[in-house]
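Enquirer: Next up is a structure, given as structure tokens.
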Amino acid sequence: MTSCGLDCRTPTPHDNPLQHRQNGVWHYLLKRILLTIPTFVGIVLLTFVVIHLAPGSPATGTVGGFGESGVSAANHDRLREHFELDAPVTKRFGRWIMRVACFDFGQSFADGQPVSKRIIERVYPTLILTFSIIVIALLIVIPVAAYAALNAGGFVDKVILGACVGLYAIPPYVFGMLLILVVGVALDWFPFSGLTSEDHAQMNGWQRLVDLINHSVLIGACILYPLVAYLVPFVRATMLAVLKEDFVRAAFARGLSRRRVIFRHVLPNTLRPLLTVMGLIVPAVLGGSVVLEVMFSWPGMGRLLYESILQRDYPVIMGMTVLSAVIVLGVTLIVDVLYALADPRVRYA
Amino acid sequence: MCSARKRMKSKLRIMHVVGVLLAVVDSGIGPVSAADHVFEPIPANRSMIDEGATLRCRLRSEPSSFNPVLMFTAIDAQFDYLLWDRPFVLDENLKWSINSAVVESFECSDDHREATLVLKSGLRWQDDTPLTAADIVFSWQRILDDQVLARKARHGTEQVSKCEAVNPQRVRFIFKEALATNQWSVDFPIVPKHIYEPLCTSDPTMQRSDASVRANRQPIGSGPYRVTEWASGERIVLSRWEGYSGPKPAFAKIIFKVIPDNNAALLAFEAGDIDEMSLAPRQFAEDTSGKQFADRGVKIRGKQWTNYYIGWNVAGSKAFLSDTRVRKALGLSVNRPLIRKRVFHGLFSESRGIFPESFTARDANESTSVFDIAGAAKLLDDAGWKVSDDDGWRYRDGGKEKAGFVLNLVAGSQTSPRVADILRADLRKLGVEMTTQTLEWSVFNERNLAHQFDAYLSAWTCGPDPDEARNLFHSNAVENGRNYVGYLNPEVDALFDRGVRETDPAKRAQIYHKIEQLILTDEPYTFLVEAPTLWAFGHRVRGVTLSPRGPLHAFPGVRGWWTPRIPQPIDDELRTGLPHTDAP
Amino acid sequence: MKSTSALIDVADLSVRYARGELPVLRDVSFSMDPGESIALVGDSGCGKSTLALTMMRLLPADAMVRGSIVLGERGGSGPIDILGTDERTMQSVRGKRIAMVFQNPIGSLDPVMRVGDQILEVILAGRKSARSATRSKALQLLERVGIADPSRLARAWPHELSGGMAQRVTLAMALAGEPELLIADEPTSALDGNVQAQIVELICECRRDSGLSLLLITHDMAVADALASRVCVMNENRIVDDLPIEAANASNRHAATRRLVEAAASKRQKVAATMDGGR
Amino acid sequence: MTAMNHSNSILAFDRSLAIDERSWLTRGALVTAALFVSVALFAPLLAWHQPIVCKYQGTYHFPAVADTFSRIPLVGGWIQKSKPFRFPSFDARTALDSDTFALWPPIAYGPSEMIAGANLPASGAHMLGTDDRGRDVLARLIHGTRVSVRVGVYSMLLAGLVGIIIGGAAGFYGGAVDWICSRLIEIMMCFPAFFLILVVMVWIGNGVTGVILVIGLTQWTSIARLVRAEFISARELDYVDAARSYGATGSYIAIRHLLPGALAPTLVVLTFGVADAILLEAGLSWLGLGVGSEMATWGGMLRDAYDQIRTHPGLMVAPCVAIFLSVLCCHIMGERLRRSLDPRNSYGRSVA
């Protein structure tokens, strides 16, 4: 929900519980997986308690009809009964856990659909968008940051850094609105509402892909720019720090070409801290696009969560929590493992 | 037995004298130009209609269900008349009427205790199963079944004590009481028995099992359209059911696009992505004045039975608000002209009344509002709330209790904080401290249900029958309705109970007029403005009718819309003139 | 450019940084003959390392350099003006004609690349040869710097090496290009006593085997004594004494020279005393 | 002197943006930040609906001055507005004769005062024009600074406090405490922050306090992680052992020895956090969950302007520029702080 949701100004490495062990990757992996379990349980428990203690209820959450019925106390009680909200929280949690254990997340209060179905429909666009934006961001960030770092102090470097700080300071929804007005309306280059065209169902595979990309360009740009603006100075500074390392100077002294030093020694050492940051960025980007999804009428996860919260659609909220926790913890886990693979010091230290 | 149709006609004459005809004086919007083509009714000559056309509508959010028994939101209601046929419908004046495509005859007994409905023969569900009286009886049973969460459909239907199929074409209704509202009570939705009966054996709630969910999302309806696509969070596509036996609607396809944000929707409208949308007051007054909009469509304004009001917690712990004089003083300090001008761009009309003018025999000058700070100050002084010499706020009889209250607002509304800002400034001058609390919708409702508030700002849309207002004012509604403020007045209760039993429309109007006067005396609510329907239509849309609930929620609604076969050039006068008109 | 028989000739070299007020090198001049070994001694911060980096042209971008450094002819190529030549030529000089060993041996190895790969990389730099040949050459080099199990070490990660081991590896990498001149910047100061001696011994051996010239940068007269035949004493960013190593003990030397010599002597005494006390 | 430029060397040191004491950029940022803070502190002296000094019925009154200081705790108790001026019904503009002495603030309008016509263009009376409710945009901008600065600074102080306590406990005690705190941090990081925001807004109600709490309680994780890491590495250092050997108690060591070391990098993160908090407040306002309408905030102004972007796009400029400048300032100062604290002036150290 932050501008781009980056609460990770100065990332620190993940705990490395294996610092004093000798057993390598597998042991490390096992330990990491075991450690995510309490975190996972904590997230789910916290969400459950918070949503059930929060004021408001599904009975009062939906916008009513035309005043005939509205929200009345009698209706309210019937709804509470219907949604099984009469039982104490502990009992409800127990019931919920039992059902989830059988992979049944229940039915949405809002439209009666099974939660899993409702979520999956909305999750895949967000997931695909998020991960492609991250890949695109990296493709932009690494060369730009490398160029800036290698020409540190030069005019272009200053322009790049200035542009990054400037871009980061623009709230995404302002940027989004400008994009809609300029690129969407005035230039009419890209559609600015929805994810698919009306005739999407009649298209062939390739056309569908183009259609999806077309519809995701503007919202993607809005997610992309703060990410790039945040990552470029970060990678640039990391790279400068690596460039000052002894081994880089030593590599030059050994007569290696500039190209080889940069690609074989500087870049790999730059990417490791970047990897850690990526682990923090994924959850931020995943959950941080509510405003944009509303603005672009984009059927994503953020909007679903927002709507579910407003409607107090507890089963969907819980399902979303479980899913986002799984994604976030999974990404963190992958990042940690990749980190361990990339850095022998973590693995064997 | 007399003919119900005849009775309804006479009633109509009195109750809907004004109807949707509303002369808006001093609109501040400029000259009214004609956009009559929007209202051009569907021509008899079908060759003029483009029957293969697609209509694109805007949805603010997704519907909860397509099962009419379960439907309850205004969004759901947009689909009701398209997917389902009912024997009775609300016409463009929100008048009860018979759906001639379904009903052969409807007769009501003289004592108002019994009614008989004869269906047309040859009615079919969309899967070609015949629609019979058994379906109606089944639907009635389901609606009254405690396990079915029929939030809206149950309302009124409870008055039908018995519903039986005399033969496949004929249904008999027996009412609990002889009420003026009984005609509404038979207007309940009808679902296919052959689909839901097998489902209900395992899932009596109609929405728990996977099969029920499927049936609710891909319904077998009886109306002219069927659901062909539902892309979650994006769009719902309805296609014309060619087997429909009633009048064939003009559009082959209706695409409902989900666009939550108002600004985004207007941009989509101007880009040609949608053909209609409701406009916010600002959008109507400002954003749509340019050429960009004029090229795409027209905006129209019609009457709507929606009133903005502040509810004062009469029965609450705050002595300040339980005093009628104080509430009257607060009512006097509402600067309606300024609110109208600054918040609603002069588009709304000031309102003091609770019923649409058409319901009551009201004098024209009774509904004029008063803004009188001096008078308010005097009332407060009389009530013992005097300005303190120490800090300038009012206190009761020199005591500690400060004159003030918290006004609850719903988060996300663009207009209510603006109304509150104006009221706050005026109350400050009076020495009354008003603070606002913006609450998220669900919490707002919860506080209201629990009667835990000082005052709240909300809107109320009157139903087609004035008896609906009992929900706001009757003492029964304190626990079972929306009388959140705890207003208790035995005289009002008695009048409501009389009104619902009075079958003579003229006498009925008198009763509701009396109720209105009593309520204005007690001022448990202060009515602020009456909202109009503000709508934008693409140039190609024709056949729109405006009901007091907007163009979508009355019969025939979208069914009657059409578009000419050859796109007619828009004449220059229309282009250059302001593309805005009032309802004809 | 003057033709010279010297291996390298540094003349009037001054270095200062754009951001700094004071020069880090002032009018430094000296020259080395082929096969000669010179120790550059001085207190820390006197500009020894800057001199070494200038000779490799590895100074930061904002360094302002004045003077000349000329690398003598070899084979077909004429003398090279190190400060004036292009980057491509410098690449062929670094590692191949002048090699360098740094103070922090582990830090001068890339932490995320296996030791063996790093050696291979150096061997392959600038020339094309068969993978297997390169591999055996790498193992040979490791063996030459006294590593017992070269193939195992080649698979190791830098952080797994001990300081002495790592210094042997960097030495092997320095020797890979068969340079004429080895600049050793404090090669032993990060190591403990015992290992120091081994590395000094190793450098001696290498010199004997390949007739390599050595520019040894150190603050320790004892190390200089063991490895160099000539000593240049630096003080306050300039060379104050340039003399054969034996002459360093004479009394008419510059104050800085005397101080360094005394420090070395007292250290030797102290070590002897502790060893006596321990007995 | 023939200066040779090693421009083809890649070993350039990071002096690019020249953010040091002498650079105009740092100075500019410091001056702007000081400007923002003083505008925030003295907002009523710059824009208010009552005069700074005036003579009314023979005596001098200082209503705007009193308003400036009355919100400061302790001080507010004895600085009170003089009598007619503190009355809500008193309108200085009409009550004061034009020929009596009155020194009005440069912008003689309050932030919520709806006096002028709506959507007026910039003019002498309203330097940035008025918004759709007829409120002076500049007055709103000035008072919005007050809220935004408060939200930025207080929320980060709260985040810093929570982060230091949790991260410090984890780093100092280690073992089970560390395990629990680390899980807590992880839970907070994976928890949908937006959800928490909604819940807190619902519990506390809208208002500055709510927004500060929300931001403070969701943004502490990075600080906690940082403090934990600093504590762990500092704990290993000799001087802590030395202190322990003198018999220093645990809390003494934590506060006297470990905390100062962790405080410096925390400060850097907090400086950046202020920028994020300001942006976050703007985002909350967009969803209608920010500070209520009776207070002017940059985010709220932006939200109001968003509704009018087509007819009066100019309204967007002022809050945008204010947000932009404040975020820029925080970043430059944070960067400067980082460099002065870290001799190797590298981003990388705090990372790896």
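Enquirer: Got a sec? Which helices (runs of 4 or more DSSP H) wholly within region A:260-349 have at least 2 residues that are surrounded by 24 or more Cβ atoms within 10 Å (Cβ to Cβ) and in contact with a helix residue (DSSP H, G or I) (Cβ under 6 Å, 6 or more places away or on another chain)?
Expert: Fully inside region A:260-349 and qualifying: A:267-287, A:290-295, A:301-311, A:314-342.
Enquirer: Additional query: Condition check: touching a residue at least 60 places away in the same chain (Cβ under 8 Å) and in contact with a helix residue (DSSP H, G or I) (Cβ under 9 Å, 6 or more places away or on another chain). Does A:Ile213 satisfy that?
Expert: So A:Ile213 does not fit the description; no.
Enquirer: If B:Pro356 passes every condition in (1) closer than 26 Å to B:Leu457 by Cβ; (2) modelled with pLDDT under 90; (3) touching a helix residue (DSSP H, G or I) at 6+ places or on another chain (Cβ under 7 Å) but one, which one does it miss?
Expert: Going through the list (1) closer than 26 Å to B:Leu457 by Cβ; (2) modelled with pLDDT under 90; (3) touching a helix residue (DSSP H, G or I) at 6+ places or on another chain (Cβ under 7 Å), B:Pro356 breaks only (3).
Enquirer: Also, quick follow-up: Go over the candidates A:Leu195, A:Leu227, A:Leu231, A:Leu218 one by one and state the one that is crowded, with 22+ Cβ neighbours inside 10 Å, within 7 Å of another protein chain (Cβ to nearest Cβ) and modelled with pLDDT of 85 or more.
Expert: Criteria check complete, one pass: A:Leu195.
Enquirer: Continuing with this model, one more query. Tell me the residue from D:Thr68, D:Thr130 that is over 30 Å from D:Gln308 (Cβ atoms), away from chain B (no Cβ under 11 Å) and in contact (Cβ under 8 Å) with a residue 12 or more places away in the chain, please.
Expert: The match here is D:Thr68.
Enquirer: Only one of these is within 14 Å of chain B (Cβ to nearest Cβ) and either at positive phi or part of a loop (DSSP other than H, G, I, E, B) (or both): D:Pro84, D:Pro105, D:Pro51, D:Pro88. Name it.
Expert: D:Pro88
Enquirer: Also, I was wondering about something else. For A:Ser324, indicate whether it is over 18 Å from the mean Cα position of the chain (by Cα), under 30 Å from B:Lys257 (Cβ atoms) and more than 14 Å from chain C (Cβ to nearest Cβ).
Expert: Against the criterion (over 18 Å from the mean Cα position of the chain (by Cα), under 30 Å from B:Lys257 (Cβ atoms) and more than 14 Å from chain C (Cβ to nearest Cβ)), A:Ser324 does not qualify.
Enquirer: Checking C:Leu53 against (1) touching a residue at least 12 places away in the same chain (Cβ under 8 Å); (2) under 30 Å from C:Ala263 (Cβ atoms); (3) surrounded by 18 or more Cβ atoms within 10 Å (Cβ to Cβ), which test does it fail?
Expert: Going through the list (1) touching a residue at least 12 places away in the same chain (Cβ under 8 Å); (2) under 30 Å from C:Ala263 (Cβ atoms); (3) surrounded by 18 or more Cβ atoms within 10 Å (Cβ to Cβ), C:Leu53 breaks only (1).
Enquirer: Which of the residues belonging to region C:216-269 are surrounded by 18 or more Cβ atoms within 10 Å (Cβ to Cβ) and at positive phi?
Expert: Residue satisfying the conditions is C:Asn237 alone.
Enquirer: Which of the numbered conditions does C:Val101 fail, given that it passes all the others? Conditions: (1) free of Cβ contacts under 8 Å to residues at least 60 places away in the same chain; (2) aliphatic (A, V, I, L, M); (3) touching a Ser or Thr at 6+ places or on another chain (Cβ under 6 Å).
Expert: Here C:Val101 clears every test but (1).
Enquirer: Restricted to region B:213-244, and to residues that are of a type in the set (A, V, I, L, M, F, W, C) and facing chain A (nearest Cβ under 10 Å), which residue is surrounded by the most Cβ atoms within 10 Å (Cβ to Cβ)?
Expert: Only one residue tops the list, namely B:Val213.
Enquirer: How many residues, within region B:518-543, are within 23 Å of the chain's Cα centre (by Cα) and without any contact (Cβ under 8 Å) to a residue 40 or more places away in the chain?
Expert: Residues flagged as within 23 Å of the chain's Cα centre (by Cα) and without any contact (Cβ under 8 Å) to a residue 40 or more places away in the chain within region B:518-543 amount to 0.
Enquirer: Would you say C:Thr170 is hydroxyl-bearing (Ser, Thr, Tyr) and within 13 Å of chain A (Cβ to nearest Cβ)?
Expert: Yes, satisfied.
Enquirer: If you don't mind, there's one more thing I want to ask. Evaluate the following for C:Glu178: is it on the phi > 0 side of the Ramachandran plot, within 14 Å of another protein chain (Cβ to nearest Cβ) and surrounded by fewer than 16 Cβ atoms within 10 Å (Cβ to Cβ)?
Expert: Against the criterion (on the phi > 0 side of the Ramachandran plot, within 14 Å of another protein chain (Cβ to nearest Cβ) and surrounded by fewer than 16 Cβ atoms within 10 Å (Cβ to Cβ)), C:Glu178 qualifies.
Enquirer: Do we find that D:Ala122 is within 21 Å of D:Gly314 (Cβ to Cβ), of a type outside the set (Lys, Arg) and either in a strand (DSSP E or B) or at pLDDT below 80 (or both) in this structure?
Expert: So D:Ala122 does not fit the description; no.
Enquirer: What helices (runs of 4 or more DSSP H), lying completely within region B:355-472, carry at least 3 residues that are at the interface with another protein chain (Cβ under 10 Å from one of its Cβ atoms)?
Expert: The qualifying helices (runs of 4 or more DSSP H) are B:416-430, B:441-449.
Enquirer: Only residues in region B:118-136 that are in contact (Cβ under 8 Å) with a residue 60 or more places away in the chain and at positive phi count as the first member; pair them with residues that are hydroxyl-bearing (Ser, Thr, Tyr) and surrounded by 14 or more Cβ atoms within 10 Å (Cβ to Cβ), Cβ under 9 angstrom, at least 6 apart or cross-chain, and list the lot.
Expert: Here the result reads B:Gly122/B:Ser245, each pair linking region B:118-136 to a residue that is hydroxyl-bearing (Ser, Thr, Tyr) and surrounded by 14 or more Cβ atoms within 10 Å (Cβ to Cβ).
Enquirer: With A:Phe66, A:Phe48, A:Phe40 as the choices, which residue is part of a loop (DSSP other than H, G, I, E, B), aromatic (Phe, Trp, Tyr) and either within 27 Å of the chain's Cα centre (by Cα) or at pLDDT below 70 (or both)?
Expert: Answer to the check: A:Phe66.
Enquirer: Take region C:97-111 and flag every residue that is facing chain A (nearest Cβ under 7 Å) and surrounded by fewer than 20 Cβ atoms within 10 Å (Cβ to Cβ).
Expert: Correct list: C:Asn104, C:Gly107, C:Pro111.
Enquirer: Taking the condition of being facing chain D (nearest Cβ under 10 Å), among the aliphatic types (A, V, I, L, M) and in a helix (DSSP H, G or I), how many residues in region B:269-298 meet it?
Expert: The total comes to 1.
Enquirer: Across region B:155-185, what is the number of residues that are modelled with pLDDT of 90 or more, touching a helix residue (DSSP H, G or I) at 6+ places or on another chain (Cβ under 9 Å) and among the aliphatic types (A, V, I, L, M)?
Expert: Residues in region B:155-185 being modelled with pLDDT of 90 or more, touching a helix residue (DSSP H, G or I) at 6+ places or on another chain (Cβ under 9 Å) and among the aliphatic types (A, V, I, L, M): 4 in total.
Enquirer: Take the residues in region B:152-187 that are over 13 Å from B:Leu117 (Cα atoms) and hydrophobic (A, V, I, L, M, F, W, C), then tell me which one is surrounded by the fewest Cβ atoms within 10 Å (Cβ to Cβ).
Expert: Among those residues, the one meeting the criterion is B:Ala178.
Enquirer: Still on this model: If I filter region B:392-427 down to residues being over 19 Å from D:Leu287 (Cα atoms) and either modelled with pLDDT under 85 or among the polar types (S, T, N, Q) (or both), which single residue comes out as surrounded by the fewest Cβ atoms within 10 Å (Cβ to Cβ)?
Expert: B:Lys400
The values are calculated or read from the model by the stated rules, or taken from the named source; none is laboratory data. All of these numbers come straight from a predicted model, not from anything done at the bench. Don't worry about glycine lacking a Cβ; one is built from the backbone with ideal geometry, like all the others, and counts go over all protein chains shown.
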